[in-house]
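The values are calculated or read from the model by the stated rules, or taken from the named source; none is laboratory data. Model, not experiment: these values are computed from the prediction. Counting neighbours? That spans all protein chains shown, and the Cβs are built from the backbone with ideal geometry, glycine included. Only protein heavy atoms, including side chains, enter the accessible area calculation; ligands, DNA and RNA are left aside. Shrake-Rupley method; radii C 1.70, N 1.55, O 1.52, S 1.80 Å.
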Amino acid sequence: MRSILTIVAFILLIFSMPQASAQNKKVDKALTYFNSGEYTKSRDMFIKIYPKTKDRATKGKIEFYLGECYRNLSDSRNSERWYRKAVQHKYNNPLATLYLAESMKMRGNYEDASAMYSSYIDLAPEDKRGEQGIKDCETALFWEKHPTRYIVYPARWLNDKESDFAPRYGSDSTEIYFTSARESSTGNEVNSNSNMYYTDVFYCKRDKKGKWSIPVAVEGGVNTPFDEGSPFVTSDGNTMFFTSCKNLKGQNLGCRIYISTLQDNVWSNPEEVVLFQDSAISVGHPCLSPDGKTLYFSSDAPNGFGGKDIWSSQRLTKNSWSEPSNMGGLVNSVGDDVYPFATPDGSLYFSSNGRGGLGGLDIFKYFTKDGETKTENMQMPINSSSDDFGISFFKNFQIGYFSSNREGSRSDDIYAFYLPPIEVNIEGVVKNEETTVVITDASVKLTGSDGTQLETKTDNAGVFKFKLSENLDYMFVSTKAGYLKGIGKETTKGLTENTTLHIEILMSPINQVIEIENIEYDFNKSNLREESKVSLDKLVELLNVNNNITIELRANTDFRGSDEDNQRLSQDRATSVVNYLVSKGINPLRLTAKGLGEANPVKVSKKIATKYPFLKEGDILSEEYINNLTSNQDREICHQLNRRTEFAVLTTDFKESGIPFGSEEDE
């Protein structure tokens, strides 16, 4: 019986060998298509072979390459499906696990992707892409909850059911040039490399009423039966740089950059922009710097960082350019770095799939700030888990377009974006400086560094509110009869998020003696310490705002030392304060110096009692009171409170002009 079974197995093996050989030839042919970049043909052949494949190893290989085909065709849903099958069949290439994780990430499944990156680390612990993938997923989950302020919406007036991408402004914001694979393109055939119609450069214009025209292919010599796109039009609207990629008889001949000029609304036959001497090097995605002196582009030139890199070349003559230079590691990565766009502020925007991020191509900004050059991800909602690329801005404004195949897109679609102004509000409260009681019905005047002036009143809770603009300094001056004007300052410079600021403005009754806090001297000396000048500078501001008052500066000492010495010392100290105020521009006719020696010990206020619980409101810090304290520390605090500098308002009818920013002159 065993011998019969052996014979049957041998016969089946003999008959299956030709079938297996034919199957292997089909797999090899599908791989040939794949290696030549004809992903559609490769995919279709693999799908046809797959159901008939019985060998587990071959089946896993086909699944992996089907995932690869769909990945190169930007179909993350199907790439995830086939990579998953390959992993389940234990295909012996760890990249199946890595690419499964990346396909999950591109579909926004960040938690599942993170788990799959962990599996990849187990398979290839030396490859840092696993750790980076986990970090990217953690960052993506955070950015989902904390998007930037950009507003993004589909540019429906530009998009077709086929692929539309790489938008660029023309001579102004009413003209848009872009790349499209719609059926009306010149080629009108499907490119087996991209599985879409050959692309052309299209044009769309907005009229005075804001209505956009139907996009049309540009007239003239730019478009051919092959791929043209990634247009860049100079600011005068008369010169176009663009990419053209020839594909003859299934052979990819690479891409070149061409230049064309507008003549009587027709684009001239293009001339090639020669950048590398080696004609086998592909170049594309041209972009001029705003001054027209530098050409940025992407290329697979050797000696780069991996994949496509971004390069630059300097203009020598009208159509002659210097030897290209690689933009370096702050721009380029081990992946593809493509679609550069330069803005007038010196920033360079580009797309990359080799710097980590949300998934697929992300848009990055390369810029210099405060002497530091760095690269930042544009985050959500500019970027998504899918491919986001080909961004362009209108001049230096935070408006523009970019391309994406994110969820909701029919293919690659064009999206518009803008950055709304930061919303900054301020809520303030006006209080009595001594009692901390709120002051109602006080007038509060806002003055911005751009000249803006607004005015409001405090409510029953002493509160006032204003809406502020970004990147400005503000001064707030509060006014109420019987009080000195109060001052507050705030700035919106450096704010990057919508914010509500809070401020407290303190006002002192005119008939009250007001202590100038933190005025300090060396022992038995009248020279002002540097730290005292901070408080005196605030007094200068108060005097400038309350430019109608004259004041008496009063210096006090503690009771230690003789009466004569304390009187002399306090007078010298009061004079030092007056001299400082005069040096800051205060009219000396408004100032009187008076030394009080030890004659006026402090009466404890609510504010002092709150700060020092061993004191009670209303206590007088006399020599007897202090000597009766049992703690040396408490006695020293009381001496310090007595050593104070104060001022009192003498008159309120002084007149002078020349009021600085934020102030107002009394009528």
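When the label point is put 7 Å from the Cα of TYR625 along its Cα-to-beta-carbon vector, which residues of the range 545-586 have a backbone N closer than 14 Å?
Residues 558-559 qualify, since their backbone N sits under 14 Å from the label point.
Please list, in order along the range 372-388, the HN-Hα scalar couplings obtained from phi with the Karplus expression 6.51 cos²θ - 1.76 cosθ + 1.60 (θ = phi - 60°), rounded to whole Hz, x for Gly and Pro.
Result, rounded to whole Hz: 10, 9, 8, 10, 10, 6, 6, 6, 7, x, 4, 9, 9, 6, 9, 7, 10.
When the chain is fully extended, how far beyond the present Cα-Cα distance does ARG315 get from VAL274, taking 0.36 nm per residue of separation?
Values: separation 41, 0.36 × 41 = 14.76 nm, distance 1.16 nm.
Roughly 13.6 nm would be gained on extension.
Considering only PRO51, ALA86, GLY67, whose Cα is most displaced toward the positive end of the charge dipole of the range 20-151, charges sitting on Cβ of Lys, Arg (+1) and Asp, Glu (-1)?
The residue sitting farthest along the positive end of the dipole is PRO51.
Could you pull out every one of the lysines with an alpha carbon less than 26 Å from that of LYS205, ignoring same-chain neighbours closer than 8 positions?
Filter leaves LYS161, LYS395.
Kindly identify the range 257-344 as rounded, prolate or oblate by the Cα gyration tensor criterion: order the square roots of the eigenvalues as a ≥ b ≥ c, call it rounded if a/c is under 1.5, otherwise compare a/b with b/c, prolate if a/b is larger, else oblate.
Prolate.
Relative contact order (percent) for the chain, with alpha-carbon contacts under 8 angstrom and 6 or more residues of separation?
The value is 8 percent.
Given a 1.4 Å probe, how much area per residue of the chain is accessible, in Å²?
Value for the chain: 50 Å² per residue.
Using the charge dipole of the range 457-572 (Lys, Arg: +1 at Cβ; Asp, Glu: -1 at Cβ; taken about the Cα centre), state which of GLY482, ASN524, SER508 has its Cα farthest towards the positive end.
GLY482
Among all the lysines, which ones have a C-alpha under 24 Å from LYS90's C-alpha, if same-chain residues fewer than 8 places away are not counted?
Answer for LYS90, where 24 Å is the Cα cut-off: LYS25, LYS26, LYS29, LYS48, LYS52, LYS54, LYS59, LYS61, LYS105, LYS128, listed by chain and number.
With a 10 Å radius around each residue's Cβ, average the other Cβ atoms per peptide and rank 84-91, 58-65, highest first.
Ranking the peptides 84-91, 58-65 by packing returns 58-65, 84-91.
How fast does the range 516-598 diffuse by Stokes-Einstein, in µm²/s, taking the Kirkwood radius from C-alpha pairs at 10 °C and 1.306 mPa s?
On the way: Rh = 13.0 Å.
Estimated diffusion coefficient is 122 µm²/s.
With just the Cα atoms defining each centre, how far is the range 445-473 from the range 343-366? Give it in Å.
Cα centroid of the range 445-473 versus Cα centroid of the range 343-366: 39 Å apart.
How much length is gained if the chain between ASP634 and ASN326 is pulled fully straight, taking 0.36 nm per residue apart and subtracting their Cα-Cα distance, in nm to one decimal?
Stretched out fully, the ASP634 to ASN326 stretch lengthens by 103.9 nm.
Roughly speaking, to the nearest percent, how much of the chain's 1.4 Å accessible area is carbon and sulfur?
Percent of accessible area from carbon and sulfur atoms in the chain: 49.
Tabulate in residue order the Karplus-calculated ³J(HN,Hα) for the range 230-239, using 6.51 cos²θ - 1.76 cosθ + 1.60 with θ = phi - 60°, rounded to whole Hz; enter x for Gly and Pro.
6, x, 10, 10, 5, 5, 7, x, 9, 10
With a/c under 1.5 counting as rounded, go ahead and sort the range 142-273 into rounded, prolate or oblate using the C-alpha gyration tensor (a ≥ b ≥ c being the square roots of the eigenvalues; past the cut-off, prolate if a/b is larger than b/c, else oblate).
Oblate is the answer for the range 142-273, as a/c is 1.5 or above yet b/c matches or exceeds a/b.
How large is the charge dipole for the range 81-211, taken about the Cα centre, if only the Cβ atoms of Lys, Arg (+1) and Asp, Glu (-1) carry charge, to the nearest 20 debye?
480
How big is the Kirkwood radius of the chain, worked out from every pair of different alpha carbons and given in Å to one decimal?
31.5
What FRET efficiency do you get for PHE394 and SER562 if R0 is 60 Å and r is their Cβ-Cβ distance, rounded to the nearest 0.05?
0.20
Which of the three applies to the range 407-541, rounded, prolate or oblate, going by the alpha-carbon gyration tensor with a ≥ b ≥ c and a/c under 1.5 meaning rounded?
Working: a/c = 3.41, a/b = 1.93, b/c = 1.77.
Cα axes put the range 407-541 in the prolate bin.
Taking amide H positions as placed 1.01 Å from N in the peptide plane, with prolines and chain starts having none, which residues 5 or more places from LYS457, or on another chain, fall under 5 Å of its amide H?
For LYS457, whose amide H was placed from the backbone, the distant partners under 5 Å are VAL444.
About the Cα centre, and with charges only on the beta carbon of Lys, Arg (+1) and Asp, Glu (-1), how big is the dipole of the chain? Nearest 20 debye, please.
Working: 77 positive and 92 negative charges, 605 e Å.
Roughly 2900 debye for the chain.
Using +1 on the beta carbon of Lys and Arg, -1 on that of Asp and Glu, and nothing else charged, what's the dipole of the range 151-305 about the Cα centre, debye to 20? Don't skip to the end; give the middle numbers.
Numbers: 13 positive and 19 negative charges, 89 e Å.
Dipole size: approximately 420 debye.
Number of Lys pairs in the range 493-612 with C-alpha atoms less than 18 angstrom apart, excluding same-chain neighbours closer than eight positions?
5
Enumerate cysteines in the chain without a disulfide-compatible partner, where compatibility requires another Cys Cβ under 4.7 angstrom.
CYS69, CYS137, CYS204, CYS287, CYS638
Cα centroids of the range 79-111 and the range 617-657: how far apart, whole angstrom?
Here the two parts' Cα centres lie 76 Å apart.
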